[in-house]
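Everything below concerns the one structure shown next.
Derivation of every value follows stated rules applied to the coordinates shown; laboratory data play no part. Since this is a predicted model, take the numbers as computed values, not measurements. In this analysis, Cβ positions are derived from the backbone assuming ideal geometry, glycine residues included, and neighbour counts consider all displayed protein chains.
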Amino acid sequence: MEDQPRGNVEGDTDESLMRQFQSGDGVAFEILFDRYSTHLINFAHRFLFSREESEDAAQEVLLRIHGARDRYDSSRPFRPWLFSIASRLISNRLRQKKRHPLVSLFHSADEGGDESIPLDVPDRWDSGPEQIVEKHHLAAHIQSVLSRLPGNQHTAVVLARFEEMSNEEIAQTMGISVSSVKSLLFRARQTLKNDLKQFIPNHPVPPNTTATF
């Protein structure tokens, strides 16, 4: 007997794919793997700053999803659950290494990444070689500031800026309230804004210099 058509599985929601996987459909998990593996590698890379280690971490996260499929509640959003597992795993790796993460929030897709982009800097600095050099200095300075943010602030910024999560999704991912997410993002924004004022004291910091998180 021929298999019955399964419909547009690749167009199914994450939650629907997890329900299918819980029912024994291995193809559903393969689709989730393809859908999120690159996102997870880039997410891990912004904390671990090692391509090899980031790929290993992403693989471990997906293996944990595979093993925990029966514990997933498909009435709840899948993505926050996925990234909460990723966040805990990365935090554990950093604790085991007993060091602070060397972070690049400016890591681009040159190693197969996703839509990672640098935080915005003033467009008025695009005109000449000296201005371009200064622009890169500012970008590096922003990177340095963000790498020194406390862990929860850093995680919230990455989820908001690069994973484009809503405050509600970030709250579910981090296991905190929405008001706590707003507080974390506000403090991170203030840190960046205040530090940039010291970096370019003779120029006001335009609104688009900071990330929209």
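Just one of R95, R79, R46, R35 is without any contact (Cβ under 8 Å) to a residue 40 or more places away in the chain, under 26 Å from N152 (Cβ atoms) and part of a helix (DSSP H, G or I); which is it?
Going through R95, R79, R46, R35 in turn, just one is without any contact (Cβ under 8 Å) to a residue 40 or more places away in the chain, under 26 Å from N152 (Cβ atoms) and part of a helix (DSSP H, G or I): R95.
Any idea how many residues of segment 74-87 are of a type outside the set (A, V, I, L, M, F, W, C) and either over 13 Å from the mean Cα position of the chain (by Cα) or exposed (fewer than 13 other Cβ atoms within 10 Å of the Cβ) (or both)?
Count: 4.
Looking only at segment 37-73, how many residues end up being of a type in the set (S, T, N, Q) and surrounded by fewer than 18 Cβ atoms within 10 Å (Cβ to Cβ)?
4
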